[in-house]
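K.L.:
Below: one structure in structure tokens.
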Amino acid sequence: MEIATFGGGCFWCVEAVFQQLKGVTSVVSGYAGGTAENPTYGQVTTGNTGHAEVCQISFNPEQISYEVLLEVFFETHDPTTLNRQGNDVGTQYRSIIFYHSDEQKKAAEAAKARADESGVWSNPVVTEIAPYTVFYRAEDYHQNYFRQNPDQAYCRYVIKPKLDKFEKVFKLKLNKQ
């Protein structure tokens, strides 16, 4: 097993997407990249801790590559908006890749360059690429959020349309077929 750590806005959205992929064995929502030890959701949402909402993704590289995870990451959020995804605004919602090895760093830099050169976005990709240091698991009520709360308004109007688009683009890589 290997680990990838990505932040692409609200961790509920990131979690819901990556849980769908073949080869992903777990997705845990949490916080990384800040200065506060053992931060709470309330602290992180102030934007004062420096943490980003992230997901730590455990995956089997024999079933899905880190490069495919990066492709999904760039395809399922807007990497051109600094500290923002939709109505979620603040440094805690920044687009960020925490690399766990030199190989992941190189792959992340190459994926970012491809995304930037793709012409999909009119603005430059601002995704931060940083070394992984520590991950703090978010509170239990944040785990498996979409699966446990599909009828909640944020899930219906933000996460569900994102999942529908994702499922069309990555149909062959999904757990369900």
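The values are calculated or read from the model by the stated rules, or taken from the named source; none is laboratory data. All figures in this text were calculated on a predicted structure; none of them were measured in a lab. All Cβ positions, glycine included, derive from the backbone under ideal geometry; neighbour counts span all protein chains shown.
K.L.:
Do any residues in region 147-158 that are on the phi > 0 side of the Ramachandran plot and modelled with pLDDT of 95 or more have Cβ atoms under 8 Å from those of residues that are of a type in the set (Asp, Glu) and not in a helix (DSSP H, G or I), where the two are at least six apart or on different chains, and which pairs are they?
P.N.:
Filtered contacts from region 147-158: no entries.
K.L.:
Further, regarding this structure: Give me the pairs: first residue in region 98-110 and under 16 Å from CYS55 (Cα atoms), second residue charged (D, E, K, R) and part of a helix (DSSP H, G or I), beta-carbon distance under 8 Å, and six or more apart or on different chains, which are they?
P.N.:
Hits for this filter: TYR99/LYS105.
K.L.:
To continue, here is another question. The conditions are (1) hydroxyl-bearing (Ser, Thr, Tyr); (2) over 21 Å from CYS155 (Cβ atoms); (3) touching a strand residue (DSSP E or B) at 6+ places or on another chain (Cβ under 8 Å), and THR35 fails exactly one of them. Which is it?
P.N.:
Unmet condition: (3).
K.L.:
Condition first: under 25 Å from SER26 (Cβ atoms) and part of a loop (DSSP other than H, G, I, E, B). Can you find one or more residues in region 98-106 that meet it?
P.N.:
For region 98-106, residues under 25 Å from SER26 (Cβ atoms) and part of a loop (DSSP other than H, G, I, E, B): present.
K.L.:
For region 31-49, what are the residues that are β-branched (Val, Ile, Thr) and not in a loop (DSSP other than H, G, I, E, B)?
P.N.:
Taking region 31-49 and keeping what is β-branched (Val, Ile, Thr), we get 35, 40, 44-46, 49.
Selection gives VAL44 alone.
K.L.:
Here's something else I'd like to know. Return the residues of region 52-83 that are among the acidic types (Asp, Glu), over 11 Å from MET1 (Cα atoms) and part of a loop (DSSP other than H, G, I, E, B); say none if nothing qualifies.
P.N.:
ASP78
K.L.:
Condition check: of a type outside the set (Asp, Glu), at positive phi and within 13 Å of the chain's Cα centre (by Cα). Does GLY9 satisfy that?
P.N.:
yes
K.L.:
Out of all the residues in region 115-127, which are part of a helix (DSSP H, G or I) and touching a residue at least 12 places away in the same chain (Cβ under 8 Å)?
P.N.:
ALA115
K.L.:
Can you give me the number of residues within region 23-46 that are in contact (Cβ under 8 Å) with a residue 40 or more places away in the chain, touching a helix residue (DSSP H, G or I) at 6+ places or on another chain (Cβ under 6 Å) and over 14 Å from ILE96 (Cβ atoms)?
P.N.:
Within region 23-46, residues that are in contact (Cβ under 8 Å) with a residue 40 or more places away in the chain, touching a helix residue (DSSP H, G or I) at 6+ places or on another chain (Cβ under 6 Å) and over 14 Å from ILE96 (Cβ atoms) number 2.
K.L.:
In region 128-153, how many residues are surrounded by 13 or more Cβ atoms within 10 Å (Cβ to Cβ), in a helix (DSSP H, G or I) and over 17 Å from the mean Cα position of the chain (by Cα)?
P.N.:
0
K.L.:
While we're here: Among what's in region 115-127 and is surrounded by 14 or more Cβ atoms within 10 Å (Cβ to Cβ) and not aliphatic (A, V, I, L, M), pick the residue that is nearest to the chain's Cα centre (by Cα).
P.N.:
Among them, the one singled out is THR127.
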